[in-house]
Amino acid sequence: MEKNRSQTEQRLMDAADQLITEKGFEKLGVNAVAEKAGVDKKLIYRYFGSLDGLINECLQRNDFWANVPEGLPQAVEMKDYAKEVFRQPIRHFRENRIMTRLSRWELSNQNDFVDELRQKREDIGLERITTISRMLGMEQKEVAGIASVITAGITYLAMLKENCRYYNGIDIQSGEGWEDIAEGIDNIIDSLIQ
């Protein structure tokens, strides 16, 4: 029985992910998700409590920052680590269109599970920033400011790329353009970490 429940939950989450990716949140509804998953809509309420509960599960499993792997490198590897930390979300946003849609949706919604996700991100981010600041001998607010600007820029450009081709002359709809952005971030890190 538990195996069937897990499989059905997975089918529902996959169906919601597909609908969000294909049509955005505007077309997401209990009936559409249940039909796409090939199950009775009552199971959404039974397993997730509501459509919002299902969306919460989609957010949790697709959110890059809430699922960053644990562990930090030694200080001697910090420069390469910092570069990779910012290349990972670039790849995630480029490969996972649902993350872009979920980020856009999150900006216009305020509810308990969005607050919980934001707090989870905040806790993970602050823990890393505190450790990295200490390892580099930098003020925590400096590292936090730099990381905030870079991550906000990545998220904004990822959302913008669906409706805009160029940003400051960079083709944000192409892999080459995103590599240019990643190299720009690398240059920032090179100038900060000796």
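The values are calculated or read from the model by the stated rules, or taken from the named source; none is laboratory data. These numbers were taken from a predicted model, which means no experiment stands behind them. Backbone-built Cβ (ideal geometry, glycine too); neighbour counts: all protein chains shown. Each accessible area value is taken on the protein alone, full model and side chains, heavy atoms only, with ligands, DNA and RNA left out. Shrake-Rupley method; radii C 1.70, N 1.55, O 1.52, S 1.80 Å.
Summary of computed values
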{"read-out": "Pick from the range 158-172, criterion at pLDDT below 95 and in contact with a Phe, Trp or Tyr (Cβ under 9 Å, 6 or more places away or on another chain), ranking: nearest to Arg87 (Cα to Cα)", "value": "Ala158"}
{"read-out": "Helices (runs of 4 or more DSSP H) lying entirely in the range 1-102 (those with 1 or more residues that are out of contact with any helix residue (DSSP H, G or I) (no Cβ under 7 Å at 6 or more places or on another chain), free of Cβ contacts under 8 Å to residues at least 40 places away in the same chain and surrounded by fewer than 17 Cβ atoms within 10 Å (Cβ to Cβ))", "value": "2-23, 30-37, 42-48, 78-95"}
{"read-out": "Residue that is at negative phi and modelled with pLDDT of 90 or more, where the choices are Asn111, Asn31", "value": "Asn31"}
{"read-out": "Test for Gln194: is it in a loop (DSSP other than H, G, I, E, B) and either within 13 Å of Ile90 (Cα to Cα) or open to solvent by less than 50 Å² (accessible area, probe 1.4 Å) (or both)", "value": "no"}
{"read-out": "Which listed residue is open to solvent by less than 80 Å² (accessible area, probe 1.4 Å) and hydroxyl-bearing (Ser, Thr, Tyr), from Ser108, Ser148", "value": "Ser148"}
{"read-out": "Subset tally (residues that are surrounded by 12 or more Cβ atoms within 10 Å (Cβ to Cβ), over 18 Å from Phe86 (Cα atoms), under 15 Å from the mean Cα position of the chain (by Cα) and not basic (Lys, Arg)) for the range 114-138", "value": "3"}
{"read-out": "Selection count, the range 152-174, where residues are aromatic (Phe, Trp, Tyr) and open to solvent by less than 50 Å² (accessible area, probe 1.4 Å)", "value": "0"}
{"read-out": "Those residues of the range 157-175 which are in contact with a strand residue (DSSP E or B) (Cβ under 9 Å, 6 or more places away or on another chain) and part of a helix (DSSP H, G or I), in sequence order", "value": "Leu157, Leu160"}
{"read-out": "Single residue of Gly184, Gly177 found to be under 21 Å from the mean Cα position of the chain (by Cα), over 29 Å from Ile55 (Cα atoms) and crowded, with 17+ Cβ neighbours inside 10 Å", "value": "Gly177"}
{"read-out": "Test: residue in the range 139-147 that is under 29 Å from Ser191 (Cβ atoms), outside any helix (DSSP H, G or I) and touching a helix residue (DSSP H, G or I) at 6+ places or on another chain (Cβ under 8 Å)", "value": "yes"}
